[in-house]
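Colleague: If you scroll down you'll find the structure; I have some questions about it.
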Amino acid sequence: MQNSEIKTTCSYCGVGCGIVVTNDAKNGVTVTGDKDNPVNRGMLCSKGMNLHYVVNDTSDRILYPEMRWSKSHPMERVSWDAGLDRAAAVFSSIIKKHGPDSVGFYISGQCLTEEYYLVNKLVKGFLKTNNIDTNSRLCMSSAVAGYKKTFGEDSVPIAYDDIELADTFLITGANPAWCHPILFRRLEQHKEKNPKIKIIVVDPRKTDSALAADLHLQIIPGTDIVLYHALAKRLIEKGYADKDFINNHTENFKLYKDLVMSSSLEKASKLCGISVDQIKQAADIIGKAKGFISLWAMGLNQSAIGVDKNTALLNLSLLTGHVGKPGSGPFSLTGQPNAMGGREVGGMANLLAVHKELANPVHRQEVADFWGVDGISEKPGLTATEMFEALESGKMKAIWIICTNPMVSLPDSRRVEKALANAKFVVVQDISHNSDTSKFADLLLPAAGWLEKEGTMTNSERRISYLPKGINAPGEALPDVDILMRFAKKMNFTGFNFNTTEDIYKEHCLMTKGTNIDISYLNYSRLKNEGTFQWPVPDYGHPGTPRLFADKKFFTPSQKAIFNIPTAIENTSPAPNDEFPFVLTTGRIRDQWHTMTKTGKVSRLMTHIPSPVLEINPIDAFKSKIEEGDIVVVTSKNGTVQVKAKVSDTIREGVVFLPMHWGKQLENDLNRTNNLTNTIVDPVSKEPDFKYTTVSVIKYVKP
Ligand code: SF4
């Protein structure tokens, strides 16, 4: 470490807390919350405050490239040159024989912006395929599509500082108390100082967030839009609609009004499994709000109708005029530290850099011209689940996986297993030797981790921060940008001769010039000296933009926000039946992160919930003769999981919950929740429906 103390940003969730890192010979790396950081003001959650254990423990790190010459050969240590020569030879030969769309890259919302930018340039500009997608597809692609449909572009309108300016919060499909803890702590502190502020939580589970709420609407899974429409009807009937905002700044209100006015509170009450009075209470709280913020995450996004759920929720902000003013607005929460940065560089199969559209020929040409290539393929790339389907069917032959563990995180693990086993060539570029995915690698490339490389990230509120390199990576591990540039050179691609990571950032910033996410006046020096910035930053002296749409001009052609009409109001996934009578919903627990390749190494984070348990309602447990602690067999049409039961009235009757984190920690893989989940995706966002899989649950009986 060049300095004894550096400031950086947490590598876990999209809150993006500031961290002060110290390093000394005696203690190694230690971390504290950065008191000067506007996001967390010195606070850290359990995951963040234990980050140093992950950095100091290099026991499972990939230390040098490893490769096998054929599927029947064991992995052996090779040089960087030998590994990347082979990668270039195999990718070139597959592309020559089967075309560019026979290869793909699957990356991560944990990649830094420079890495995201570079790999997209490599794949879309030079490999000539759009088969590059990210695990953010599993997280926020429905929110991206919802924003675009409503505001004309992917744009989170508000900032964390709006929390302290609002008096009413609708948290829906999210458990920030566990999944975005510091953000939730700010909300709690705000309520402690102002007991009159109101928090409404919509969730089928009585989460810690719900326990802190003034009103918990424990709806039946999948009925979110029914509820939002009933709320809208009540808001209109009670005169809470903001007519001035609707008339001057929105489109399509009449159709929306006709639709919601045809709904019935009584019917909504039945479908949602809550009382009419609760719906009225919620609507009246929202209607009286001076500052209304809706917060949501995977409960809405991970659905077969995720985009419709997003637009239906956004409609409530338009209806009440709570957009573009202090303490008001919709606010989707990103799960990963740089999911937002990935959106800026077009890090998904259907996007191009700087929010340009792959489907737009003018945009494709602009990006091609900028990169100095002869064009970008017009064929949409395969999304996360589609890529693995294509590997399974043999349409895709090779995949390069960076910083993600799809064997545990993608739905229907069996299919992912078959896909990876069927692939001709799998490259895994990561830090951890022991991930479930690394076992399938034909080429394993050691990447530098958090604190071992420099770059930038953007958090949920569009705040860009610079992360300096603090320590050297172990063994021969290299920063991801170095690995990608070395591969590009092996492929004889021009346009990758960057001398520094900052040069990559400069190219990305230049590309944003004149766009709605303009950061062309931002650079490492400003980020290092002046701190974090929220985009856009369209001038040298510009302080950044905490709030979008203050002028009520949206990014649509008419500059008006759009009331969208959902294609489906009720859930479209298969409903429970005699064979699979329960709805399984999955999610995070407080102290674990993703597939536990980092947090699973920290013993103190394993004490909160040491192994996966199935939450089941006492009435369901009684009917199924299941008691607390019994081993239960959970089965869906895709597979089986065997875990202990936790009998609890925190969950609705008919619904069961499993955490998503565990992989193959046992001899078998019966810990892995995604053995069960289905591969249904939203038709627009292609985000998987993790929150609604029908399952059976029985007590395990020894054979
Ligand atoms: Fe890290 Fe998120 Fe916790 Fe902040 S809230 S310390 S960003 S995990």
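Colleague: Which loop trypsin sites (Lys or Arg not before Pro) in the range 521-592, with loop taken from DSSP, have no more than 15 other Cβ atoms within 10 angstrom of their Cβ? Write down the numbers at each step before the final one.
Modeller: Values: sites: 526, 528, 547, 552, 553, 560, 588, 590; in loops: 547, 552, 553, 560, 588, 590.
Sites meeting the loop and neighbour criteria: 553.
Colleague: Tell me the relative contact order for the range 238-346 as a rounded percent, counting alpha carbon contacts under 8 Å between residues six or more apart. Don't jump to the answer; show the numbers that get you there.
Modeller: Working: 73 pairs, mean separation 33.8, N = 109.
Dividing the mean separation by the residue count of the range 238-346 yields 31 percent.
Colleague: Here's another thing I want to ask about it. So for each of 166-179, 309-322, 275-288 I average, over its residues, the number of other beta carbons within 10 Å; can you give me the resulting order with the highest mean first?
Modeller: Values: 166-179: 24.9, 309-322: 26.7, 275-288: 18.1.
Ranked from most to least packed, the peptides come out as 309-322, 166-179, 275-288.
Colleague: Placing +1 at every Lys and Arg Cβ and -1 at every Asp and Glu Cβ, with all other atoms neutral, what dipole size does the range 582-699 have around its Cα centre, in debye to the nearest 20? Write out the running numbers ahead of the final one.
Modeller: On the way: 16 positive and 13 negative charges, 65 e Å.
In debye, rounded to 20, the range 582-699 gives about 320.
Colleague: Take 263, 93, 11, 573 and order them by how many other Cβ atoms sit within 10 Å, fewest up front.
Modeller: Details: 263 21, 93 14, 11 24, 573 17.
Lowest to highest Cβ neighbour count: 93, 573, 263, 11.
Colleague: Can you pull the one-decimal nm distance between simple spin-label points at residue 539 and residue 369, each 7 Å off the Cα toward Cβ?
Modeller: 2.7 nm
Colleague: Then there's this: Any idea how far apart residue 476 and residue 418 come out in nm if each label point goes 7 Å out from Cα toward Cβ?
Modeller: Here the modelled spin labels are 3.7 nm apart.
Colleague: Which Cα, out of 488, 373, 322, lies furthest along the positive dipole direction of the chain (beta carbon charges, K/R +1, D/E -1)?
Modeller: Selected residue: 322.
Colleague: Now a separate question. Residues with amide H under 5 Å of residue 401's amide H, sequence separation 5 or more or different chain, H placed in the peptide plane at 1.01 Å from N; which?
Modeller: For residue 401, whose amide H was placed from the backbone, the distant partners under 5 Å are 106, 427, 428, 429.
Colleague: With a cut-off of 8 Å between alpha carbons and a minimum separation of six or more residues, what is the relative contact order of the chain in percent? Show your work: numbers first, answer last.
Modeller: On the way: 1617 pairs, mean separation 134.7, N = 703.
Relative CO of the chain lands at 19 percent.
Colleague: Then there's this: So if I place +1 on the C-beta of Lys and Arg and -1 on the C-beta of Asp and Glu, and nothing else carries charge, what would the dipole magnitude of the chain be about its Cα centre? I want it in debye, nearest 20. Provide the component values of the computation, followed by the final result.
Modeller: Details: 82 positive and 78 negative charges, 88 e Å.
About 420 debye.
Colleague: Here's another thing I want to ask about it. Is it possible to state the helix-based mean residue ellipticity at 222 nm for the chain, with each DSSP H run of 4+ residues giving -39500 (n - 2.57), the sum divided by total residues, to the nearest 500 deg cm²/dmol? What is it? Don't jump to the answer; show the numbers that get you there.
Modeller: Details: 24 runs with 215 residues, N = 703.
Calculated mean residue ellipticity at 222 nm is -8500 deg cm²/dmol.
Colleague: While we're on this one: Taking all pairs of distinct Cα atoms, average 1/r, flip it, and tell me the Kirkwood hydrodynamic radius of the range 141-332 in Å to one decimal place. Please report the intermediate quantities before stating the final value.
Modeller: Values: mean 1/r = 0.0612 Å⁻¹.
After inverting the mean inverse Cα-Cα distance, the result is 16.4 Å.
Colleague: Something else now. Treat every Asp and Glu Cβ in the range 439-587 as -1 and every Lys and Arg Cβ as +1, leave all other atoms uncharged, and give the resulting dipole magnitude about the Cα centre to the nearest 20 debye.
Modeller: On the way: 16 positive and 17 negative charges, 113 e Å.
The dipole magnitude comes to about 540 debye.
Colleague: Another one. Figure the gain on full extension for residue 377 and residue 559 (residue separation times 0.36 nm, minus the Cα-Cα span) and round it to one decimal in nm.
Modeller: 62.5 nm
Colleague: Which ordering of 13, 509 is given by a fewest-first count of other beta-carbon atoms within 10 Å?
Modeller: Numbers: 13 28, 509 23.
Ranking 13, 509 by Cβ neighbours within 10 Å, fewest first, gives 509, 13.
Colleague: If I stretch the segment between residue 238 and residue 577 completely, what's the gain in nm (0.36 nm per residue apart, minus their alpha carbon distance), one decimal?
Modeller: On the way: separation 339, 0.36 × 339 = 122.04 nm, distance 3.92 nm.
The span from residue 238 to residue 577 would gain 118.1 nm if fully extended.
Colleague: Okay, moving on. From the convex hull of the Cα coordinates of the chain, what is the mean projected area in square nanometres? Let's see the in-between values first.
Modeller: Numbers: hull surface 117.2 nm².
Reported value for the Cα convex hull: 29.3 nm².
Colleague: Oh, and also: In terms of modelled amide H atoms, which long-range or inter-chain residues lie less than 5 Å from the amide H of residue 693?
Modeller: It is 584, by chain and number.
Colleague: Also, quick follow-up: Quick check: Cα centre of the range 65-121 to Cα centre of the range 612-643, how many Å?
Modeller: 41 Å
Colleague: Using the basic label-point model (7 angstrom from Cα toward the beta carbon), what is the residue 552 to residue 277 distance in nanometres?
Modeller: Between residue 552 and residue 277, the label points sit 3.8 nm apart.
Colleague: Now, a different point. Hey, how many Å between the Cα centroid of the range 336-356 and the Cα centroid of the range 374-437?
Modeller: Measuring centre to centre over Cα atoms gives 19 Å.
Colleague: If you average the C-alpha positions of the range 487-554 and of the range 670-702 separately, how far apart do those two centres end up, in angstrom?
Modeller: Cα centroid to Cα centroid, the span is 39 Å.
Colleague: Counting only other residues whose beta carbon sits under 11 Å from that of residue 359, what net charge do I get with K and R as +1, D and E as -1?
Modeller: Numbers: positive: 356, 364, 379; negative: 357, 378.
Taking every Cβ under 11 Å from that of residue 359, the sum is +1.
Colleague: For a quick check: sort 160, 117 by the number of other beta carbons within 10 angstrom, fewest at the front. Walk me through the intermediate numbers first.
Modeller: Values: 160 22, 117 27.
The most exposed by this proxy come first: 160, 117.
Colleague: So for the chain, taking the charge dipole from beta-carbon charges (+1 Lys/Arg, -1 Asp/Glu), which of 172, 467, 700 sits furthest toward the positive end?
Modeller: Comparing the listed Cα positions along the dipole, 700 ranks first.
Every number in this text was worked out from the coordinates using simple rules, so none of it is lab data. Since the model is a prediction, treat every value here as computed from it, not as a measurement. Every residue, glycine as well, gets a Cβ built from its backbone with ideal geometry; the counts of neighbours run over all protein chains shown.
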